[in-house]
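**Student:** Have a look at this one before I ask anything.
The values are calculated or read from the model by the stated rules, or taken from the named source; none is laboratory data. Computed from a predicted structure; not experimentally measured. All Cβ positions, even for glycine, are placed from backbone atoms using ideal geometry, and neighbour counts span all protein chains on display. Accessible surface areas use protein heavy atoms only, side chains included; no ligands, DNA or RNA. Shrake-Rupley method; radii C 1.70, N 1.55, O 1.52, S 1.80 Å.
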Amino acid sequence: MKRPSILVLGAGYGGLTTVVNLQKEFGTDAVDITLINKNEYHYESTWLHEAAAGTLLPEQVRYDIKDVIDGVKVKFVQATVEAIDVVGKKVSTDNGEFTYDYIVIALGFEGETFGIEGLDKYALSIANVKAARYIREHIEFQFATWSAEPVKDDSRLTIIVGGAGFTGIEFLGELANRVPELCKEYDVPREKVRVVCVEAAPMVLPGFDPELVNYAVGHLESKGIEFSIGTPVVEATPEGVKIKKGDDEFEFIKAGTVVWAAGVRGNRLIEATPIENMRARVKVDKDLRAPGFDDVFIIGDCALMINEETNRPYPPTAQIAMQQGENVAKNLKALISGDTTVEFVPDLKGTVCSLGEDDAIGVVFGKKVTGKRASFMKKMIDNRALFMIGGPKLVMKKGKFNVL
Ligand code: FAD
Ligand code: NAD
C-alpha cells in the first residue's frame, strides 16, 4: 500500500516546528514527508529588525534547514512555490511539481501596504532576511554618500519608520543604538540624523499597556527618536513620505530611507486558491484545517483564528505559529491513524518587545516587566525558539548569550 504523503510548505517557525514534530510522531517509512522552502536556510523572522538595523549580521539570524531535520525521515526540497492546487492536490514550484495526500501551508507573512500610493515602490519592508540585509546596506549607503558628497543633502540621513506596532518599535530600538555607531564610522554629526516614527493611531503600540508604552517612548526619545502620532502616511515618493496631520493638513517629510512596518498579511499564493481568505489569511477550523478542505492545514501568519474572549483575531506571532506546528503534527498522526483531530488552543505566555540590545518592555504571565530583566527574558524567548526546533546544539550555535 502506498504510504501517505505529507507536504509542508515553508520552513519558518510554523513549517519547521511541524516537520520536527512529525519526525517524532512517525517512525521511518511510515509516511513520506517533504518540506519545501525558498531558501536552504531558515531565518528567525523575529530577529529581522536587528539584521535590518545592522546590529546583527544576516548570517547570524539564519541557519541551515538540513542541520535541524532528519534527512532519513524528511525530504527537503529547495524551491519557490508558485501555485497551490488544493482541488487537484498538487503544488507547482520552480523546481518541479509535487503531489500530496495532506498539505501544511506555512508560507508566512508579507508586508501590507493597504494600497497606499507609492509604498510598494519606494518603501522598504522588513519582510525576510534578504530584505533586511538590503535595508541595512541602504542606510549605510546613505551615510557613506552623505559623507563623500561635496554638496550635502541632509535628508539622506533621515530615516522614516512607518508604523509604531511591535515591529516598528523593535526596529527603532535597534536604530537608536546603531545610529551613533554609523555616525562614528562615516564621520557624520549625530544631530544631522533624524529617525522619525510615523504612526496612524493616536498612540504608540495601540492597545498595549499605557505604562509600558510610556516607558518605551521615553527610552526611544531619550536616544533621539522622534514620533509623529495620529498622522497616517498617505503617500510615498522617491523623496520621502506625505503624512496627514489634520482634515486638510498634510506634511511632506523628505527622507533617504523609508521603512514600512505598518502591518502584515498572509502569503499572496493563498489568494489564488479557492479557499476563502482575508488578505491571504484563512479563518481556519478549530483543528487548523481550511474550511471545506479536509486535507489542507494552514498555520502561522497565513492562518486567522478568533480569540473568543475578545472577539478579535489573535495577532500573528511566532509563538502561535510554533504551537500550531506542534498541533498539526499531532493531528496528522491522528488522521493517518484513523483517529479524530484535536482542537488548537493557543497558550499565550505573554509579549516582550525589545528596545535594542539591553532594554525591553513586556507582559509575561500577566506581569509587567521592563529594562534589563525584560531584555533578558526576550533573549531567553529567542533561545527557547531555537531549542524547540534544533535542541541544545542549535542554541549553542545561534543562541543569544550576551545578557548583562
Ligand atoms: P515565517 O516565519 O515568515 O516563515 C515562512 C517561510 O516560508 C519562510 O522560510 C519563507 O522563506 C518561506 N516562503 C515564503 N514564500 C515562499 C514560497 N513562495 N516558496 C517557498 N517558500 C516560501 N512574533 C513573536 O511571537 N515574537 C516576536 O518577538 C516577534 N518579533 C518579530 C519581529 C519582526 C521584525 C517581525 C517582522 C515579526 C515578528 N514576530 C514576532 C512575528 C513572527 O515573526 C511571525 O508571526 C512568524 O514568523 C510567522 O511564522 P510563519 O511560520 O507563519 O512564517
Ligand atoms: P501591527 O499591525 O501590529 O502594527 C502596525 C502599526 O502600523 C499599527 O500601530 C498601525 O496603527 C500602524 N499603521 C497602519 N497604517 C498606517 C499608516 N498608513 N501610517 C502610519 N501607521 C500606520 O504590525 P507589526 O508591528 O508589523 O506586527 C505584525 C505582527 O507581528 C503582530 O502580530 C505583532 O504582534 C507581531 N510582532 C510581535 C513582536 C513581539 O512580540 N516582540 C515583534 C514584532 C512583531
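**Student:** Of all the residues that make up the stretch 308-331, how many are out of contact with any strand residue (DSSP E or B) (no Cβ under 6 Å at 6 or more places or on another chain) and open to solvent by less than 40 Å² (accessible area, probe 1.4 Å)?
**Tutor:** Total satisfying the criteria: 10.
**Student:** So which strands (runs of 3 or more DSSP E) stay within the stretch 337-378 end to end and still have 2 or more residues that are assigned by TED's automatic domain parsing to the domain that holds Arg178, modelled with pLDDT of 95 or more and open to solvent by 50 Å² or more (accessible area, probe 1.4 Å)?
**Tutor:** 367-370
**Student:** Now for a separate question. Do the conditions hold for Val74, that is, is it in the same structural domain as Leu332 (by TED's automatic domain parsing) and in contact with a Ser or Thr (Cβ under 8 Å, 6 or more places away or on another chain)?
**Tutor:** No, not satisfied.
**Student:** Of everything in the stretch 34-51 that's away from ligand 2 (no atom under 15 Å from the Cβ) and open to solvent by less than 10 Å² (accessible area, probe 1.4 Å), which residue is nearest to the chain's Cα centre (by Cα)? Can you show your working first?
**Tutor:** From the stretch 34-51, those away from ligand 2 (no atom under 15 Å from the Cβ) are 34-42; that's our starting set.
Adding the requirement that they be open to solvent by less than 10 Å² (accessible area, probe 1.4 Å) leaves 35-36, 42.
Details: Leu35: 20, Ile36: 19, His42: 12 Å.
Checked the stretch 34-51; the qualifying residue nearest to the chain's Cα centre (by Cα) is His42.
**Student:** For the stretch 327-343, state whether one or more residues are hydroxyl-bearing (Ser, Thr, Tyr), under 24 Å from Leu212 (Cβ atoms) and out of contact with any Cys (no Cβ under 8 Å at 6 or more places or on another chain).
**Tutor:** The answer is no; no qualifying residue exists.
**Student:** Still on this model: In the set Gly54, Gly71, which member is more than 8 Å from ligand 1 (Cβ to nearest atom) and crowded, with 20+ Cβ neighbours inside 10 Å?
**Tutor:** Answer to the check: Gly54.
**Student:** Taking the stretch 103-115, which residues are in contact with a Leu (Cβ under 6 Å, 6 or more places away or on another chain) and outside any loop (DSSP other than H, G, I, E, B)?
**Tutor:** Ile103, Ile105
Every residue, every condition in (1) among the small types (Gly, Ala, Ser); (2) within 16 Å of ligand 1 (Cβ to nearest atom), yes or no:
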| residue | (1), (2) |
| --- | --- |
| Met203 | no, no |
| Gly207 | yes, yes |
| Asn214 | no, no |
| Ile225 | no, no |
| Ile229 | no, no |
| Glu239 | no, no |
| Gly246 | yes, no |
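**Student:** Please go through the stretch 238-266 and give me each residue that is over 24 Å from the mean Cα position of the chain (by Cα), open to solvent by 30 Å² or more (accessible area, probe 1.4 Å) and in contact (Cβ under 8 Å) with a residue 12 or more places away in the chain, ordered by number.
**Tutor:** Pro238, Glu239, Lys244, Lys245, Phe250, Glu251, Phe252, Lys254
**Student:** Among (1) touching a helix residue (DSSP H, G or I) at 6+ places or on another chain (Cβ under 6 Å); (2) not in a strand (DSSP E or B), where does Thr28 come up short?
**Tutor:** (1)
**Student:** For residues that are open to solvent by 30 Å² or more (accessible area, probe 1.4 Å), within 16 Å of ligand 2 (Cβ to nearest atom) and not small (Gly, Ala, Ser), tally how many sit in the stretch 94-115.
**Tutor:** So the answer is 4.
**Student:** Are any residues in the stretch 379-404 open to solvent by 20 Å² or more (accessible area, probe 1.4 Å) and of a type in the set (S, T, N, Q), and if so, which ones?
**Tutor:** Asn402 - this is the single residue of the stretch 379-404 that is open to solvent by 20 Å² or more (accessible area, probe 1.4 Å) and of a type in the set (S, T, N, Q).
**Student:** Here is a follow-up. Which of the residues that make up the stretch 368-387 are away from ligand 2 (no atom under 16 Å from the Cβ) and out of contact with any helix residue (DSSP H, G or I) (no Cβ under 6 Å at 6 or more places or on another chain)?
**Tutor:** Hit for the stretch 368-387 is Lys372, nothing else.
**Student:** Give me the pairs, please: first residue somewhere in the stretch 331-356 and charged (D, E, K, R), second residue anywhere and assigned to a loop (DSSP other than H, G, I, E, B), beta-carbon distance under 7 Å, and either six or more positions apart or on two chains.
**Tutor:** Lys333/Phe26; Glu343/Lys286; Glu343/Asp287; Lys349/Phe365
**Student:** Sticking with this one: Within the stretch 1-18, which residues are out of contact with any Gly (no Cβ under 8 Å at 6 or more places or on another chain) and either under 17 Å from Phe387 (Cβ atoms) or outside any strand (DSSP E or B) (or both)?
**Tutor:** First, pick out the residues of the stretch 1-18 that are out of contact with any Gly (no Cβ under 8 Å at 6 or more places or on another chain): 1-7, 11.
Across the stretch 1-18, the qualifying residues are Met1, Lys2, Arg3, Pro4, Ala11.
**Student:** Same structure again: Considering each residue of the stretch 184-233, count those that are charged (D, E, K, R), without any contact (Cβ under 8 Å) to a residue 24 or more places away in the chain and under 24 Å from Gly371 (Cβ atoms), and give that number.
**Tutor:** Let us first name the residues in the stretch 184-233 that are charged (D, E, K, R), namely 184-185, 187, 190-192, 194, 199, 209, 211, 221, 223, 226.
Still in the running and without any contact (Cβ under 8 Å) to a residue 24 or more places away in the chain: 184, 191, 221.
Next, from what is left, pick out any that are under 24 Å from Gly371 (Cβ atoms): 221.
Number of matching residues: 1.
**Student:** Can you tell me how many residues within the stretch 21-32 are within 23 Å of Phe387 (Cβ to Cβ) and open to solvent by 10 Å² or more (accessible area, probe 1.4 Å)?
**Tutor:** Just the residues of the stretch 21-32 that are within 23 Å of Phe387 (Cβ to Cβ), to begin with: 21-26.
Checking which are open to solvent by 10 Å² or more (accessible area, probe 1.4 Å) leaves us with 21, 23-26.
Counting residues in the stretch 21-32 that are within 23 Å of Phe387 (Cβ to Cβ) and open to solvent by 10 Å² or more (accessible area, probe 1.4 Å) gives 5.
**Student:** Moving on. Filter the stretch 343-361 down to the residues that are over 30 Å from Phe297 (Cβ atoms) and not aliphatic (A, V, I, L, M), then identify the one that is nearest to ligand 1 (Cβ to nearest atom). Steps first, answer last, please.
**Tutor:** Step one: of the stretch 343-361, the residues over 30 Å from Phe297 (Cβ atoms) are 354-361.
Restricting the remaining residues to those that are not aliphatic (A, V, I, L, M) gives 354, 356-359.
Numbers: Ser354: 7, Gly356: 13, Glu357: 15, Asp358: 16, Asp359: 15 Å.
My answer is Ser354.
**Student:** Out of Asp285, Asp294, Asp301, I need the residue that is in contact (Cβ under 8 Å) with a residue 12 or more places away in the chain and not assigned by TED's automatic domain parsing to the domain that holds Arg384. Which one?
**Tutor:** So the residue among Asp285, Asp294, Asp301 that is in contact (Cβ under 8 Å) with a residue 12 or more places away in the chain and not assigned by TED's automatic domain parsing to the domain that holds Arg384 is Asp301.
**Student:** Please specify each residue of the stretch 283-336 satisfying the condition of being at pLDDT 95 or above, more than 28 Å from Gly27 (Cβ to Cβ) and more than 24 Å from the chain's Cα centre (by Cα).
**Tutor:** Answer for the stretch 283-336, where residues must be at pLDDT 95 or above, more than 28 Å from Gly27 (Cβ to Cβ) and more than 24 Å from the chain's Cα centre (by Cα): Pro291, Gly292.
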